[in-house]
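For reference, the structure is listed below as structure tokens.
The values are calculated or read from the model by the stated rules, or taken from the named source; none is laboratory data. Keep in mind the model is a prediction, meaning the values are calculated, not measured. Positions of Cβ are backbone-derived with ideal geometry, glycine not excepted, and every protein chain shown enters the neighbour counts. With ligands, DNA and RNA removed, areas are computed over all heavy atoms of the protein, side chains included. Shrake-Rupley method; radii C 1.70, N 1.55, O 1.52, S 1.80 Å.
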Amino acid sequence: MSQANFVIAPSILSANFARLGEEVANVIASGADWIHFDVMDNHYVPNLTIGPLVCEAIRPCTTAPIDVHLMVKPVDRIIPDFAKAGANIITFHPEASEHVDRSLSLIREAGCQSGLVFNPATPLDYMDHVLDKIDVILLMSVNPGFGGQKFIPGTLAKARLARAKLDAYAQASGRRIRLEIDGGVNAANIAEIARAGVDAFVAGSAVYGAGKDSDAHRYDSIIGALREQLANL
Ligand code: DX5
Ligand code: ZN
């Protein structure tokens, strides 16, 4: 796969929230592709983060896609709010929705790209009957709820299985679905993850941890290091 097809999506969960607009603009200026936006509700996951108001606030800071990862239950009520707030991609966990097909449709109807998120223990079967409604599959390589956790190695085998399903679907339909990974991604493991078939990489602590406390809080060297790994597969 060519370098241009790889997406790097820094998670603002690890950004400096007191300077969030600048943090968003700076990772994109440093070469990132998407802004990953982690929404936690202290119910589906044991942490509480940010909602549509913050999405709306950062929307003018970049033209890059905002990739909203919903870790909330219920799912459906909040989808239109994120679409109105400027989200481009909205993904959710199938266990958090009573009607997965309906939630996917709601996201598309709101004008966004849609996707399902798989926890480490969640079987991939959830995608089987809804691929036509999916633009992105997001594999969790940590248990959701917190940044800065260690990559779970078993996710590599799962990524290969997901890649095989998505390749078969692309063959049959002519439509390519992205395979994104989230949790514990860094410059030391990104190449191995890409070789397992992943083409979009969320990185929170690895990116923002590398520059947020520096005066300029720029991220060119860490994003350059991630890209260099992807260039040498
Ligand atoms: C975890 C979140 C991740 C998190 C990744 O529930 O979904 O997006 O911010 O952080 P790192 O890259 O530090 O594991
Ligand atoms: Zn996430």
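Packing, taken as the mean count of other beta carbons within 10 Å per residue, orders the peptides 183-191, 160-168, 223-231 from highest to lowest as 183-191, 223-231, 160-168. Among Ala157, Ala83, Ala25, the largest mean-square fluctuation in a Gaussian network model of the chain, built with springs joining Cα atoms closer than 10 Å, belongs to Ala157. In percent, rounded to a whole number, the relative contact order of the chain is 21, using alpha-carbon pairs under 8 Å and six or more apart. Only helical runs count toward this figure. For the chain, summing -39,500 (n - 2.57) over DSSP H runs of n ≥ 4 and dividing by all residues gives -9000 deg cm²/dmol at 222 nm.
Remark: the stretch 3-231 projects, on average over all directions, an area of 11.3 nm² (convex hull of Cα atoms). Summarising the amide proton neighbourhood of Gln149: residues at separation of 5 or more, or on other chains, whose placed amide H is nearer than 5 Å comprise Gly184. Close amide-amide hydrogen proximity is noted between Tyr44 and Lys73, each under 5 Å apart and 5 or more residues distant or on a separate chain (H modeled in the peptide plane; Pro and chain starts excluded).
Comparing Gln149, Gln171, Gln113 in a Gaussian network model of the chain (Cα springs below 10 Å), the most mobile by mean-square fluctuation is Gln171.
Our compactness index for the stretch 41-83, the C-alpha radius of gyration over the empirical 2.2 N^0.38 Å, is 1.22.
Rolling a 1.4 angstrom probe over the stretch 1-127 with all protein chains present gives an accessible area of which 54% lies on carbon and sulfur atoms.
When Rg and the Kirkwood radius Rh are both evaluated on Cα atoms of the stretch 1-129, their ratio Rg/Rh stands at 0.96.
The residues of the chain have, on average, 43 Å² of accessible surface per residue, using a 1.4 Å probe with all protein chains present.
With a sphere of radius 14 Å drawn around the Cβ of Asn232, what net charge do the other residues whose Cβ falls strictly inside it have (Lys, Arg +1; Asp, Glu -1)?
On the way: positive: Arg195, Arg227; negative: Glu192, Glu228.
Net of charged neighbours comes to 0.
A DSSP coil position with no more than 11 other Cβ atoms inside 10 Å describes the following trypsin sites (Lys or Arg not before Pro) in the stretch 78-154: Lys150. Near Gln113: Cβ cut-off under 14 Å, other residues only, Lys/Arg at +1 and Asp/Glu at -1. The net charge is -1.
Placing pseudo-labels 7 Å out from each Cα toward the beta carbon at Phe146 and Leu233 gives an inter-label distance of 3.2 nm. Translational diffusion of the stretch 148-210, estimated by Stokes-Einstein from the Kirkwood radius over alpha carbon pairs at 4 °C in a medium of 1.567 mPa s, is 105 µm² per second.
Let's see if you can work this out: charge +1 on each Lys and Arg Cβ, -1 on each Asp and Glu Cβ, no other charges. What is the dipole magnitude of the chain about its Cα centre, in debye to the nearest 20?
On the way: 20 positive and 26 negative charges, 64 e Å.
Magnitude of the dipole: close to 300 debye.
Can you work out the FRET efficiency for the pair Thr63 and Asp128, with r the C-beta to C-beta distance and R0 = 35 Å, to the nearest 0.05?
Numbers: r = 35 Å, r/R0 = 0.99.
It comes out at approximately 0.50.
In sequence order, the stretch 223-233 has phi-based couplings of 5, x, 5, 5, 5, 4, 4, 6, 6, 10, 5 Hz under the Karplus curve 6.51 cos²θ - 1.76 cosθ + 1.60, θ = phi - 60°, and Gly or Pro positions carry x.
The distance linking the stretch 136-193 with the stretch 30-88 is 20 Å (Cα centroid to Cα centroid, whole angstrom). For the chain, modelled as a GNM whose springs connect Cα atoms under 10 angstrom apart, the maximal fluctuation among Thr63, Thr91, Thr155 occurs at Thr63.
Per-residue 3J(HN,Hα) values for the stretch 86-96, derived from phi via the Karplus relation 6.51 cos²θ - 1.76 cosθ + 1.60 with θ = phi - 60°, read x, 5, 9, 10, 10, 10, 9, 8, x, 5, 8 Hz in sequence order (x marks Gly and Pro).
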